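No lab work stands behind these numbers, since they all come straight from the coordinates. Bear in mind the structure is a predicted one, so any value in this text is a computation, not a measurement. Backbone-built Cβ (ideal geometry, glycine too); neighbour counts: all protein chains shown.
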Amino acid sequence: MQLAHQHHSFRLLLPLMTLCLALIGTGVKAENLVTIETSLGDMTFEFFPNEAPRTVANFQRLAQSGWYEGKSFYRVVKGHVIQAGSLDENAEPRVEAEFNQHPHIKGTLGLARDEDPNSGSTEFYICHEARPHLDGRYTVFGQLVAGEAVLDAIANQEVIEKYYDEDKKIAFHEPKTPVLIKAIRRH
């Protein structure tokens, strides 16, 4: 029984050990890594603190406080983005835009906002595919380094088509089965 428990524990640690070994050669610092644990699995991202220091600090503050726990990926547009946080108004401060040279490729982590470039706060998105039309218009503050299958699983959820504007320009397709954020943890 003891041996079976140890084998099970090793199997749980193996993916994390593999990720750590893979990142050692890239020069990525552990403090620049974050894992978003969802109801469909985990995704790990590398932050870009040099290019988006205020955005990274704000996201880390919210994550550490547990603000995202229980929130859902309320917008899922396959081939575009998955978006999480809350559509509700909140008292969290806005973050001044930190546009940078990082492209919007599959797995890009960005700060969602409305028409005002400095309106980002708590909402974030992850690109499901390359979205070059967003380059330089939104703050990119991280990139997926592990968990692409989870990103695909979320993007492939069956959705309810929703629009919140009269012109039907912005799709906020909501998953029929909620995809929840269990926790966000730094490494």
task: Can you check what the net charge comes to around Arg113, using other residues whose Cβ is under 14 Å from the Cβ of Arg113 (Lys, Arg +1; Asp, Glu -1)?
output: -3
- line: Burial-style ranking of 142-148, 91-97, average other-beta-carbon count within 10 Å with highest first, yields 142-148, 91-97
field: Over segment 84-187 - Rg/Rh using Cα atoms and the Kirkwood inverse-distance radius
entry: 0.94
message: So if each residue of separation counts as 0.36 nm, and I subtract the Cα-Cα distance between Asn156 and Lys29, what length gain in nm does that give?
response: 42.6 nm
message: To make sure I understand the rule: partners must be lysines, Cα under 16 Å from the Cα of Lys106, and not fewer than 8 residues away in the same chain. Which ones qualify?
response: Lys78
field: Dipole magnitude (debye, nearest 20) for segment 57-187, charges at Cβ of Lys, Arg, Asp, Glu
entry: 480
- prompt: Using a basic spin-label model with each label point 7 Å from the Cα along Cα→Cβ, how many nm lie between Ala130 and Ile170?
  reply: 2.6
message: Could you tell me the relative contact order of segment 133-187? Use alpha-carbon pairs under 8 Å, at least six residues apart, and round to a whole percent.
response: 24
field: Simple spin-label estimate for Arg94 and Gln64 in nanometres, 7 Å along Cα-Cβ
entry: 2.5
field: For segment 43-117, alpha-carbon Rg and Dmax in angstrom
entry: 12.8, 32
- request: Enter the mean projected area of the convex hull around the alpha-carbon atoms of segment 81-137, in nm², rounded to one decimal.
  value: 3.8
- line: The summed charge of the Ile82 Cβ neighbourhood (under 14 Å; Lys/Arg +1, Asp/Glu -1) stands at -1
